[in-house]
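Participant: This is the structure I want to talk about, given as C-alpha cells.
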Amino acid sequence: MQIDEAQLLKVERRFFSALLGAQPEALDELLTDDFLLIDVMSGSEVTKSALLDVMRSGQLKFEEINQLDSRIRWYDGTAVVTGSTEMRGRFAEESFRVSSRYTHVYAKAGDAWQLASAQGTPISNL
C-alpha cells in the first residue's frame, strides 16, 4: 500500500500542477479516456475532451491552486481522494476565486493510476 500511496500522491500533485501550468498534454496522460469533471462553479459535467479543449484554447487559466489537505481511501483497484483547495484564475474574461472541497476518483490501469472523476463543491470558509 505504501508504494501505491506514493504513486497516487505523485499523480495528484501532477494533476494540480498540470492545471496550474496549463499543460493539456500532461492532463491527457493523467485522465482516463472517460474522465468526467463536475465543475466546482456551475455543477455542469465536463468531459476529458472538453477540459483539454478549454485548456488548449487558453479560455481557462489557473493563477493559483493551493491544496490544503487530502485523505485517501482505498478500494480494490480504486482510490478516492478527498481534500480542500483554494483556487484563483479566470474563465474567458471572468476572474474567479473559490475555496472548495473536492473528491477525486482514481482507477489503476496496469501499474499506473489515472484520474477517472473529479468533483468540486464551493465552500464559504476554510
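The values are calculated or read from the model by the stated rules, or taken from the named source; none is laboratory data. Everything numeric in this text was worked out from a predicted model, so none of it was measured. For neighbour counting, all protein chains shown are included, and Cβ atoms are generated from backbone atoms with ideal geometry for every residue, glycine included.
Participant: Is one or more of the residues making up region 54-65 touching a Gly at 6+ places or on another chain (Cβ under 9 Å) and polar (S, T, N, Q)? Show your work before the answer.
Facilitator: Going through region 54-65, the residues touching a Gly at 6+ places or on another chain (Cβ under 9 Å) turn out to be 60-65.
Next, from what is left, pick out any that are polar (S, T, N, Q): none.
Checked against the condition, which is being touching a Gly at 6+ places or on another chain (Cβ under 9 Å) and polar (S, T, N, Q), region 54-65 yields no hits at all.
Participant: What residue, of L60, L115, is closer than 17 Å to L20 by Cα, at pLDDT 95 or above and either in contact with a helix residue (DSSP H, G or I) (Cβ under 6 Å, 6 or more places away or on another chain) or surrounded by 15 or more Cβ atoms within 10 Å (Cβ to Cβ) (or both)? Explain how you work it out, then say what you get.
Facilitator: Working: L60 fails: at pLDDT 95 or above.
Result of the check over L60, L115: L115.
Participant: Going through region 99-112 one residue at a time, which ones are touching a helix residue (DSSP H, G or I) at 6+ places or on another chain (Cβ under 9 Å) and at pLDDT below 95?
Facilitator: Within region 99-112, the subset touching a helix residue (DSSP H, G or I) at 6+ places or on another chain (Cβ under 9 Å) is 104, 106, 108, 111-112.
Those that are touching a helix residue (DSSP H, G or I) at 6+ places or on another chain (Cβ under 9 Å) and at pLDDT below 95: K108, D111, A112.
Participant: Within region 32-49, how many residues are more than 19 Å from S100 (Cβ to Cβ) and surrounded by 13 or more Cβ atoms within 10 Å (Cβ to Cβ)? Steps first, answer last, please.
Facilitator: First, pick out the residues of region 32-49 that are more than 19 Å from S100 (Cβ to Cβ): 32-34, 47-49.
Filter once more, keeping what is surrounded by 13 or more Cβ atoms within 10 Å (Cβ to Cβ): 32, 47-48.
Counting residues in region 32-49 that are more than 19 Å from S100 (Cβ to Cβ) and surrounded by 13 or more Cβ atoms within 10 Å (Cβ to Cβ) gives 3.
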